[in-house]
Amino acid sequence: MKFLFPNSYNIYFHDTPEKSLFDRDNRAYSHGCIRLKDPVKMAQFVLEDSPQWTNEKIDSAMNSGKEKFVAVKDPVPVIITYFTAWTEGGKLYFASDVYGHDAVFKEKLFK
């Protein structure tokens, strides 16, 4: 299952058969797209205002083996952010910069 949304990078949300990847610390295995741990919950959320899309119908569509495009009546805004540092509970945390954005940002800030 994949969820398309307008963007200039051809990024989308998608399911994965590799569920074990969610147990790893490094999660950059999708070449820019965003893997969903629970795509059924996402589908239920996106289609919650479409009563014809019951949980049974969502499950049936997912497992039919046929591609089905579903347009939503009211698009859901999507905002994607990329952070390599954040605070939580008063502590500062750092993550690896898998896309190399920090070096570019550092060059612009401290030139």
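The values are calculated or read from the model by the stated rules, or taken from the named source; none is laboratory data. As the structure is a prediction and not an experimental result, all values here were calculated from the model. These accessible areas exclude ligands, DNA and RNA; they are computed on the full protein's heavy atoms, side chains included. Shrake-Rupley method; radii C 1.70, N 1.55, O 1.52, S 1.80 Å.
Can you tell me the length gained on complete extension of the stretch Ala103 to Cys33, counting 0.36 nm per residue apart and subtracting the Cα distance?
23.0 nm
List the lysines whose alpha-carbon lies under 27 Å from that of Lys37, not counting same-chain residues fewer than 8 positions away?
Lys2, Lys19, Lys57, Lys66, Lys68, Lys73, Lys91
If DNA, RNA and ligands are ignored and the probe is 1.4 Å, what is the ranking of Met42, Met1 by accessible area, most exposed first?
Met1, Met42
What length, rounded to one decimal in nm, is gained on full extension from Lys73 through to Glu48, with 0.36 nm per residue of separation minus their alpha-carbon distance?
7.9 nm
When the accessible area of the chain is split by element with a 1.4 Å probe, what percent falls to carbon and sulfur?
Carbon and sulfur: 55 percent of the exposed surface of the chain.
Quick one: accessible area per residue over the chain, 1.4 Å probe, rounded to a whole number of Å²?
So the chain comes to 85 Å² accessible per residue, rounded to a whole number.
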